[in-house]
Amino acid sequence: MELLAIPQEPQKNAVQPSVSIGTEPEEGEEEARLLLRFAAPRDPVTVAEWVSWNVIDTEKQDWARGWSKLKAFTTREGHARVPYGHKEGAYPLGQRVAEQRRAYAAGQMTGKRAQRLEQLGMLWSVADASFQENLEAARAYYEVHWTLCAPRTPTALDRPIGQWLSNLRRPGALNGHPTWKATLEEIDEHWNPDWPATWQRHYAALRELVGEEEGQADVLPGVTIHAMDIGKWLARQRQHTVWQSLTAKQHELLEAIGVVPLPPEQEVPAAASKGGYGAFERGVAALAQYKARTGSVGPISRTHVEVLPDGTEVRLGVFLSNTKTRRGKLTTDKLHQLAELGLHWAVQGMV
């Protein structure tokens, strides 16, 4: 603007070179200055940005240089999660971003600077930045498994997504992070259910399998998805002893995909329980009956005896004590049955 106000000399035969406006770039940096050549076409966005920085809201050149480097990074990478050791050319951008986070946390940053950084997608919390990175892996896992109730071992996008989700399911893990919880629920409403995660994994697989079918879900035992026998699991859910142990919300989820309990005439006769069921099956039936009556699965006295409808007496307290002691030798199917009834130590034995 000052150059425009200088009286012009008579036109000379030799044309003077165009003048660059701004600070000369350092070694290794790209030329980002504007040329004072009004006849040349200019990108309106670039001109508006330059006027904002240098005329309307002037900024120190070192801070402006950092912002421009971050903008180049976000334009190329699509996000503002800059690794601490990353450099843009010779400029230590990762360290600069960390300094901006510290200044923001200490209340030493102006609102205008914070706004300009947020326009580039700046995340002020390192925890938030890590959450966003893991969230992308969680989305990838959900695309394959249709649930976020992952066990501890799976990975996605080279990240230990199973362990991350297991940590977030712990009581109090999301205290102070309401947006994290809402974001996860947008992907999977039941990512952290009130029932065992293994039940939700089976349900999600069944839901995907019968999602396009109309009427009652019918999957035979032996149909396996992600190493889970969905047919066998479905048959067990329809048994009255198991159905009665489920919550009202679990009933709602199952009924939404056409799963209903077996009619009485298709149930295994109670009288056949002694000959047809082993000690483990009788113990599970007694535990399901106890839970249906009391609303919980413990603590149960070691001396407690549960009487089944056919008159069979099951020493339920002894059964639970012995089963917990030898849980390391139980099959995955038996652990599933116990976990579905709400025994947390059975869930731990599977993951």
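Give the peptides 178-185, 136-143 in descending order of average Cβ contacts within 10 Å, highest first. Mind dumping the intermediate values first?
Numbers: 178-185: 13.6, 136-143: 17.6.
The packing order, highest mean first, is 136-143, 178-185.
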Could you run the Karplus curve 6.51 cos²θ - 1.76 cosθ + 1.60 with θ = phi - 60° over the stretch 181-195 and give me ³J(HN,Hα) per residue in whole Hz, x for Gly and Pro? 4, 4, 5, 5, 5, 5, 7, 9, 4, 10, 5, 9, x, 7, 10
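Filter K249/K324; K232/K334; K291/K324 down to the pairs with a C-alpha to C-alpha distance above 20 Å, please.
Distance filter (> 20 Å) returns K249/K324.
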Which FRET efficiency value, to the nearest 0.05, do you get for Q244 and K329 by plugging their Cβ-Cβ distance into 1/(1 + (r/R0)^6) with R0 = 30 Å? 0.60
I'd like the Karplus ³J(HN,Hα) series for the stretch 67-80: coefficients 6.51, -1.76, 1.60, θ = phi - 60°, whole numbers in Hz, and an x wherever there's a Gly or Pro. 4, 5, 5, 5, 4, 4, 5, 5, 5, 7, 9, x, 7, 10
Could you give the distance between the Cα centres of the stretch 144-185 and the stretch 306-351, to the whole Å? 28 Å
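May I ask you to order 195-203, 155-163 by the average number of other C-beta atoms within 10 Å around their residues, highest value first? Show your work: numbers first, answer last.
Values: 195-203: 21.9, 155-163: 16.6.
Descending mean neighbour count gives 195-203, 155-163.
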Two-site FRET efficiency, E255 against T294, from Cβ-Cβ distance with R₀ of 25 Å, rounded to 0.05: 0.55
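Laboratory data are not the source of any read-out in this text; all were calculated from the coordinates shown. Because the structure is predicted, anything quoted here is derived from the model rather than measured. For neighbour counting, all protein chains shown are included, and Cβ atoms are generated from backbone atoms with ideal geometry for every residue, glycine included.
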